[in-house]
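A quick write-up on the structure given underneath.
Just so it is clear, none of the values below were taken in a lab; they were calculated from the coordinates. These numbers come from a predicted model, not from an experiment. Because the Cβ atoms are built from the backbone with ideal geometry, glycine has one as well, and the counts that use them run over all protein chains shown.
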Amino acid sequence: MLKLILVLVVVAALVLTMVTSRMARQRREEFSRRFPTYEDFAATVDGSKIRAVRDGEGMVAAVKVVRADFPEASLLDSKRYVDELD
């Protein structure tokens, strides 16, 4: 019985890993289709909104807003955008 439970847990973990990897790949592909270059992405983000959040609540909050507005954007691209705001 214990072996069966262990096998089920391992199988569930493997399935979860595969599903999560596929979803992440799909998000990256969608982002690349929508924004072929980083500059295309940056031109679409509402800079004044993000700047106001950054100045009022900090960098982390601003990155979270970028990711909320663009869920397919990576953490790296979102942080880069906030870092490059003047």
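I'm trying to understand the selection: among the residues of segment 45-79, which are among the polar types (S, T, N, Q) and surrounded by fewer than 14 Cβ atoms within 10 Å (Cβ to Cβ)?
The answer is SER48, and nothing else.
Which of the residues that make up segment 1-12 are assigned to a helix (DSSP H, G or I) and exposed (fewer than 10 other Cβ atoms within 10 Å of the Cβ)?
Correct list: LEU2, LYS3, LEU4, ILE5.
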